Each structure stands twice: as structure tokens, then as C-alpha cells.
Amino acid sequence: MNIQVTSGLIGHNNPPAETLPSPFEMSEVEIGDLYAEAKNFLDGEPIASQAMADAVSKLIDDLRKAGKTADERRIAENKPFDDGKAEVQARYAPLIADTKSVKGKVVLGIEAAKQALAPWLQKLEDEQRAAAKKAREEADAKAAEAQAALRASQVADLEKREAAEALIREAQKAEAAAAKAEGVKAHATGGARAIGLRSVWRAEMVDGREAAGHYWRTRREEVDAFFQGLADAEVRAGKRDIPGFNIGEDRVL
């Protein structure tokens, strides 16, 4: 007689092993506990012994260490995303980057095209300005002529009056033509939007004392903040005598 024994795995219905906390969850618990302890010190009785002071000192050290560990965990958790982002940035940089160290082909191409286009637009603009100036001079001359004719004409002299009115109409047309000429801009219109020269204004300081006095009067808070920032940097560097400032000392942890 053959006896067949069927065996199976025992315990195959056991629950899965307990999930371990994530690095963030570990830091969340560690820092949460230390923060609660710090609040207890803040809300409780004032420190009255060296032992309690030492305990608070240790708590500060533990918080710093927990913060450092949390930051290391953050960096480790971010690394795959940072690496992926850096790889994408590196691939696209030769095409579209526009930084001090890297300029992509799009940026370089646009700069080269603008450099080639600028002289033509400048030539066109110079011609248009000359034409506008001529039109303005003609309009002003016709207006002066019309006003002189109007003053010289008498109400009873219809012929002179009609001539003066005709000159006024011509002057009005010349004024409209001059205004139109002055509104013309030099453009290249081959793309989706017109490209033209634009003004870029810059300020060049020629008198520092006068500039300081102007902004002292008109933008006092910003000037004070600027000077305060300079003084703070020098004090941090060890300077203890600055004209216009009192240097004080505070004792802090």
C-alpha cells in the first residue's frame, strides 16, 4: 500500500513584518520629543541649579545633533531627485541655458541675429527721424505762415481771408503728417512679433556726495538700512569704532 503525504508550508497566513519607519518619521519623532522637552523647560520653573542648567545645555546639543541628522536624511532623500534634475539641466543647458557661465544655442543664436539686425534698424531709424524732423519743420513753417496771413487779412477782404484759411488747412495737414512721421518706428516683422530698437537707460554716478544727500533726503529709510548693513558687517569682522555709530555689546548664547 502506497501512502501519499501532502505537506504544505506552515504559517503562510502570518501577517507581514512590521513596516519600519521612514527616515523622515524617525526625525519627526526624535525632534518632536526634544521640542516637547524644550517647551517644558520654557513653561516650567526657572533654572535654579547647575544640574538643571547642564540638562538644558545637553538638550540644546541633542537638538542640534537631531537637526543635523534630519538635514542629512533630507539630503539623502532628495538625492535621486537632485541627480535627476541635474541630469535634465545638463542635457538642456547647451540648448537653452542663459547664465553667466553657460549660454545655450538659442541664446547665442538670438544674440548673433540681433547683432546683425541692429545696424539696419539703426539706419532705418536715423532715416525716419530725419524725415520726421523735416516734416515737423515744414509743419511749423506752414503754421507760422498761416497765422501771419490770418493776422494780415481783414474781415472785409474776403480774398485774403480765404487765402489765410487755405493756409491754415495746409498747416493742419502738415501737422498731421509730422505727427504721423514722428510716430513711425523702425521694425523687422518677419516673425510672430515685430522686433525693433528699444531704449535702455542707465545711471552713472558722477558726484557721490550729492547722490548720498539726494537719497538721504528722499529715501531715508533705505539709506539708513544700507549704512546699518555696512556697519553690521564691519562689527562682525571685529571693528569697534565706526564714525556715526555707537558700538554696544550684548551677551547671548
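The values are calculated or read from the model by the stated rules, or taken from the named source; none is laboratory data. The model shown is predicted, which means the values in this text are computed figures rather than measured ones. FYI the Cβ positions are ideal-geometry reconstructions off the backbone, even for glycines, and counts take in every protein chain you see. Only protein heavy atoms, including side chains, enter the accessible area calculation; ligands, DNA and RNA are left aside. Shrake-Rupley method; radii C 1.70, N 1.55, O 1.52, S 1.80 Å.
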Computed accessible area, Thr99, all protein chains, 1.4 angstrom probe, square angstrom: 70
Asp54 accessible area, assembled protein chains, probe 1.4 Å, Å²: 80
Accessible area expressed per residue, region 160-249, with surrounding protein chains retained (probe 1.4 Å, Å²): 88
Share of carbon and sulfur in the accessible heavy-atom surface of region 127-253 [1.4 Å probe, %]: 52
Those GluC sites (Glu not before Pro) in region 171-253 that DSSP places in a loop and that have at most 11 other beta carbons within 10 Å: Glu204, Glu249
Nearest 10 degrees, 0 to 90: helix 208-218 Cα axis against the chain principal axis: 80
Cα-centre dipole for the chain with unit charges at Cβ (Lys and Arg positive, Asp and Glu negative), debye to 20: 1420
Extension reserve of the Asp71-Asp140 stretch, reckoned as 0.36 nm per residue once the Cα distance is removed: 17.4 nm
Inter-label distance for Lys185 and Leu20, nm, one decimal - labels placed 7 Å from Cα along Cα-to-Cβ: 6.4
Which label in (i) 16.7, 47; (ii) 20.9, 90; (iii) 40.5, 150 gives the computed Rg and Dmax of the Cα atoms in Å: (iii)
Rounded to 10°, Cα long-axis angle of helix 23-43 versus longest principal axis of the chain: 90
Two-decimal Rg/Rh across region 109-158, once Rg and the Kirkwood Rh are taken from alpha-carbon atoms: 1.50
Cross-link reach list, lysines versus Lys173, counting only Cα pairs under 30 Å and skipping chain neighbours closer than eight places: Lys123, Lys133, Lys134, Lys142, Lys160, Lys185
Average accessible surface area per residue within region 41-80, 1.4 Å rolling probe, Å²: 78
Rounded accessible area of His187 (nearest 10 Å², 1.4 Å probe): 90
Using alpha-carbon coordinates, inclination of helix 50-96 to the longest axis of the chain, degrees: 50
Under Karplus coefficients 6.51, -1.76 and 1.60, residue-wise ³J(HN,Hα) of region 107-114 in Hz, glycine/proline x: 5, 5, x, 5, 4, 5, 5, 5
